[in-house]
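Structure first, then comments.
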Amino acid sequence: MKNIQSRLARLYEVVEAAYLQLADVAPPIREYRSRLEELGKMRVQAEAEIVARAVETADTETVKRYAQDLLKSQKSPRGPSSGHS
């Protein structure tokens, strides 16, 4: 993403310095902008998937802990302890 951003910045610099006309660099500018937008969407999607996985993992771990606590309390001769809520 940074690579595309730097290429786009260089194209703008070329136009500002009047080395080339905007019409000459318009196609690659459009292409880079489109690519940046696509990468941005992909980034948001990847971040959302990471968050979803983290939530799933946390929920799974919580269930495992509860199951282990339940098994421990059933093995105890006195039954469930009064210290757990």
* Asked: So, of the residues in the stretch 29-77 that are modelled with pLDDT under 90 and either within 17 Å of Lys2 (Cβ to Cβ) or among the polar types (S, T, N, Q) (or both), which turns out to be farthest from the chain's Cα centre (by Cα)?
  -> Ser76
* Qualifying positions in the stretch 1-48 - outside any helix (DSSP H, G or I) and among the polar types (S, T, N, Q) -> Gln21
* To do: Report the residue count in the stretch 13-48 for those that are surrounded by 13 or more Cβ atoms within 10 Å (Cβ to Cβ) and hydroxyl-bearing (Ser, Thr, Tyr).
  => 1
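The values are calculated or read from the model by the stated rules, or taken from the named source; none is laboratory data. A quick note: this is a predicted structure, and the numbers were derived from the prediction, not measured. Cβ: placed from backbone, ideal geometry, glycine included. Neighbour counts: every protein chain shown.
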